[in-house]
Structure formats: C-alpha cells, structure tokens
C-alpha cells in the first residue's frame, strides 16, 4: 500500500488553508492528476463539517472516480478523508494545520491501496513524486490566493 506524508510551512493563515482544502470542487483547476470534482452533500454536525464528494483522478489513459467522506474537525484543526466507493480498497488521508507565528505548518498524510494490483504497483513506483507535486500545487495556490505581501 502506498503510504507517505509531506509537511510544508506556508505563508498564509490557517483558516485560509483549511478553506482551500475544503473547496474540493476547485481541485481540477490546480491539483495535478485531478480531472473532476463534485460535492454531493455537505452538513455541519457540532464541531464537524462532513462532505461527501467524488474526485476523478488519473494519469494518461488511467482515470477513475472515487467517492470519499471528508470530515473537518474544528476542535483539532484536522481534516480526515476515507473512501466510500470506487477503485480503492482503502484510503485514509489526514490534513493537520498548525499556526506558527505568521505562517502555517500543514501536514498531509496519505495511505491507500488501489483494487487493481497492477495499477497499485505502478503507483508505488511514482507515489512520492506525485505527492510532492500535489503538495507544491496546494502551496502555490494558497500563496497566490492568500499571501498579499
């Protein structure tokens, strides 16, 4: 199963970064390998915001759509994502946001397994590179939208 994490220090406010991550339908505009995104449901339950969404991801001829549950916990500034349906046997990813003076430390952890064993092997070979590209895309987008200095 591909599993990795990446941490970045971004010159933006924590709440702006959280909103960027929760703005799932904008992902195709800036996230590499993301072709489409759709939110089906969004509800607030106490300190949790729960979102059910589809992402279509891939590279080249390999594209697929998976449905996930995204839960933002306001009390600990974290976002937890699990798969509901699609080409994945397993998906867990977590986002953590921490204020550090004028910057925010953001950590993204991901652990997943694709049902297709061949594709899973291909992903393992290039996974860390892809994760870095995705982290770069979020950082560039955040600094473009929110860093006014």
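The numbers here are math on the coordinates, done by the rules we state, and not lab data. Computed from a predicted model, the values in this text were never measured in an experiment. FYI the Cβ positions are ideal-geometry reconstructions off the backbone, even for glycines, and counts take in every protein chain you see.
Here residue 61 and residue 101 are evaluated by their C-beta separation; at R0 = 35 Å the FRET efficiency comes out at 0.15. For the stretch 3-146, the relative contact order comes to 27 percent (Cα pairs under 8 Å, sequence separation of at least 6).
The Cα atoms of the chain define a convex hull whose projected area, averaged across directions, is 8.6 nm².
Can you pull the percent of Cα pairs in the stretch 35-111 with separation above 19 Å? So the portion of pairs separated by more than 19 Å is 45 percent. Of the residues 25, 41, 132, the one that moves most in a GNM of the chain with alpha-carbon contacts below 10 Å is 41. Result for the chain in a Gaussian network model with C-alpha springs under 10 Å: among 80, 27, 40, the largest mean-square fluctuation is at 40.
Give me 6, 140 ranked fewest to most by other Cβ atoms within 10 Å of their Cβ, as a rough exposure proxy.
Lowest to highest Cβ neighbour count: 140, 6.
Taking the C-alpha atoms only, the angle from helix 117-146 to the longest principal axis of the chain is near 20 degrees.
In terms of other Cβ atoms within 10 Å, 94, 8 run from fewest to most in the order 94, 8.
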